[in-house]
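Below is one structure, written out as structure tokens; comments come after it.
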Amino acid sequence: MEELLHVANLVANKLNSHWEGPLEERLTLQALKVSEEAGELAQAVIGARGINPNKGHSHTWDDVRAEACDTALTALVTLHMLGGDPAAFLAEHLRTIRAKAENWEARA
């Protein structure tokens, strides 16, 4: 997890160093980038399942895994760009999700 957060911080810093526009605009575009990556993940799943009759099996499940990684990293880059302490925010949010998940009822 530490390496993931380090890479997200590195990417965020590199992107920010090339941005000359208003911060709010950069954050908006970065959030949209997460959606773009999620779309590529969906496209890879469709390709791995062979659902599109025009394309058939155009992706592998390794492609899906790679797109999932890209989506996760892009979301973490966004978290870093929002400032504050991304690692602490993420840790606290994960604790909240964990507590909820531990209380989910198992389905029979």
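The values are calculated or read from the model by the stated rules, or taken from the named source; none is laboratory data. Remember, predicted model here, so these are calculated numbers, not experimental data. Using ideal geometry, Cβ is built from the backbone for each residue, glycine included, and neighbour counts are taken over all protein chains shown.
Just one of L32, L4, L82, L23 is free of Cβ contacts under 8 Å to residues at least 40 places away in the same chain, on the phi < 0 side of the Ramachandran plot and within 15 Å of the chain's Cα centre (by Cα); which is it? Spell out how you get there, then give the answer.
Numbers: L4 fails: free of Cβ contacts under 8 Å to residues at least 40 places away in the same chain; L82 fails: free of Cβ contacts under 8 Å to residues at least 40 places away in the same chain; L23 fails: within 15 Å of the chain's Cα centre (by Cα).
Among L32, L4, L82, L23, only L32 is free of Cβ contacts under 8 Å to residues at least 40 places away in the same chain, on the phi < 0 side of the Ramachandran plot and within 15 Å of the chain's Cα centre (by Cα).
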What's the number of the condition S58 fails, among (1) in contact with a helix residue (DSSP H, G or I) (Cβ under 8 Å, 6 or more places away or on another chain); (2) modelled with pLDDT of 95 or more; (3) in a helix (DSSP H, G or I)? (3)
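Kindly evaluate L76 against the criterion of being within 25 Å of V45 (Cα to Cα) and in contact (Cβ under 8 Å) with a residue 24 or more places away in the chain.
On the way: within 25 Å of V45 (Cα to Cα): yes; in contact (Cβ under 8 Å) with a residue 24 or more places away in the chain: yes.
It is true that L76 is within 25 Å of V45 (Cα to Cα) and in contact (Cβ under 8 Å) with a residue 24 or more places away in the chain.
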Any hit, the stretch 20-30, residues being loosely packed, with under 14 Cβ neighbours inside 10 Å, modelled with pLDDT under 95, polar (S, T, N, Q) and within 20 Å of L82 (Cβ to Cβ): no
Can you pull out every residue in the stretch 52-65 that is over 24 Å from the mean Cα position of the chain (by Cα) and of a type in the set (V, I, T)? none
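Within the stretch 31-66, how many residues turn out to be small (G, A, S), surrounded by 12 or more Cβ atoms within 10 Å (Cβ to Cβ) and within 30 Å of M81 (Cα to Cα)? Talk me through it step by step, then tell me what you get.
Filtering the stretch 31-66 for residues small (G, A, S) gives 31, 35, 38-39, 42, 44, 47-48, 50, 56, 58, 66.
Filter once more, so that each one left must be surrounded by 12 or more Cβ atoms within 10 Å (Cβ to Cβ): 31, 38-39, 42, 44, 47-48, 50, 58, 66.
The next check asks that each one be within 30 Å of M81 (Cα to Cα); those that pass are 31, 38-39, 42, 44, 66.
Selection size over the stretch 31-66: 6.
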